[in-house]
Amino acid sequence: MIADVTGDQRVQRRGRIVIVTIIALFLLACAVLGVFLWQRHQEEQRLGELTAPGLLSVGVPPLDQEIDELAPLENNRGLVATYRDAEAEPITQFRLLNIRVGPGLDLCAALGEVEPELADNCESTAHDLSAHADGPSTILLAEGQLRAATLVVLVAHPANYDAETLRSYVEQAEWMSVRDLADQVG
């Protein structure tokens, strides 16, 4: 009889261990699912912010630098992408703008709403834009092109890029969805 009691206690102990293990695994699975759903919600919220300006596709030039950050422009005008150098440091005076342009809107006026320092020295045709700022505190070049109601503009410091190089990059810009670009940026 004593052997049966010891065997029953072992079975009960194993049963408790199995139950506790099952409960712990269930709680772990719930925690992992919760983290996944929270991350997914954050990604969808971020994508919602980026698509709020009404751009579903954006022009992205084939550059050696990687995009550091993607953000909506003020007043829901479009998106701005900032780049980073080879050491993963942000390049402060080099950015890509995708500006939503309504029918009949002057390209220089659209750029001026986003980059006021470039508004004074801006020239545009129906589809192309060139601007520069030579002020005491801001020295910038900008080249842009209108495609499908979106003005794609590269803004850079003239010490790093000349107008022709910027224009060439803008002309080579490939269209991609905002979602794909956001995934690429991370």
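A few remarks follow.
- Treating each Cα of segment 1-102 as an identical point scatterer and summing with the Debye formula, the log10 of I(q)/I(0) at q = 0.13, 0.24, 0.25 Å⁻¹ comes to -0.68, -1.19, -1.21.
- Segment 124-141 - phi-based ³J(HN,Hα) in whole Hz, Karplus 6.51/-1.76/1.60, Gly and Pro as x: 9, 10, 5, 10, 10, 9, 9, 8, 8, 10, 10, x, x, 10, 10, 10, 9, 10
- Shape call, segment 79-157: gyration tensor on alpha carbons, a/c limit 1.5: oblate
- Using the alpha-carbon positions of segment 1-51, Rg (one decimal) and Dmax (whole number) come out as 22.1, 75 Å.
- Per-q log10 I(q)/I(0), segment 118-186, q = 0.18, 0.23, 0.25 Å⁻¹ (Debye; single scatterer per alpha-carbon; no solvent): -0.74, -1.00, -1.08
- Chain lengthening between Ala29 and Glu171 when straightened (0.36 nm per residue, less Cα-Cα): 46.2 nm
- Peptides 89-96, 157-164, ordered by how many other C-beta atoms sit within 10 Å of their residues on average, highest first, read 89-96, 157-164.
- Projecting the Cα positions of Val18, Leu79, Asn98 onto the charge dipole of the chain (unit charges on Cβ atoms of Lys, Arg, Asp and Glu, taken about the Cα centre) puts Val18 furthest along the positive direction.
- Gain in span if fully extended, Ala119 to Ala163, counting 0.36 nm per residue against the direct Cα distance: 14.2 nm
- Sites Gln65 and Asp128, calculated FRET efficiency, Cβ-Cβ separation with R0 25 Å, nearest 0.05: 0.60
- In order along segment 27-36, the phi-based Karplus estimate (6.51 cos²θ - 1.76 cosθ + 1.60, θ = phi - 60°) of 3J(HN,Hα) comes to 5, 5, 4, 5, 5, 4, 4, x, 5, 4 Hz; Gly and Pro are listed as x.
- Principal axes of the chain: Cα extent on each, largest first, Å: 101, 37, 28
- Long-range HN-HN contacts of Glu66 with modeled amide H, under 5 Å: Arg84
Just so you know, all these numbers are worked out from the coordinates, no wet-lab data involved. Since the model is a prediction, treat every value here as computed from it, not as a measurement. With ideal geometry, Cβ positions are generated from the backbone for all residues, glycine too; neighbour counts draw on all protein chains shown.
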